[in-house]
Amino acid sequence: MAADGTIREVGEDLVLVELAGRKVLVSARCPHRQGKLKFAHLDGGRMRITCPLHYSTFDLGTGERTAGPACDPLRIVDTLPAQDAAETGRTGA
């Protein structure tokens, strides 16, 4: 994980990405080969997340793949305000 932000599991299927002043709830697994995104690399300047398994990179605003092996887009569940993100972590979303 990059020093640009943090990634935190909030349930079996979701991770909360805190990056560049934003909080984004996304699928916990990469759509390419199901790599665990809790170990992903973050790029705050571009708002992107890169899977550690095969380096598929996704835009955190749209979920679209921007680099790496061809696959479906990353599922973006929600972009959260700061107070809702903390609550989501407690409930396991």
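The values are calculated or read from the model by the stated rules, or taken from the named source; none is laboratory data. Keep in mind the model is a prediction, meaning the values are calculated, not measured. FYI the Cβ positions are ideal-geometry reconstructions off the backbone, even for glycines, and counts take in every protein chain you see. Note: accessible area is taken over every heavy atom of the protein model, side chains too, but ligands, DNA and RNA are not part of it. Shrake-Rupley method; radii C 1.70, N 1.55, O 1.52, S 1.80 Å.
Computed with every protein chain present, the accessible area of Asp72 is close to 110 Å² [probe 1.4 Å].
Less than 5 angstrom separates the built amide H of Arg48 from those of Asp43, Leu60, all sequence-distant by 5 or more or on a different chain.
Ranked from largest to smallest solvent-accessible area, with a 1.4 Å probe on the protein heavy atoms, Val15, Val77 come out as Val77, Val15. The magnitude of the dipole of region 1-85, with charges of +1 and -1 set on the Cβ of Lys/Arg and Asp/Glu and taken from the Cα centre, is near 200 debye.
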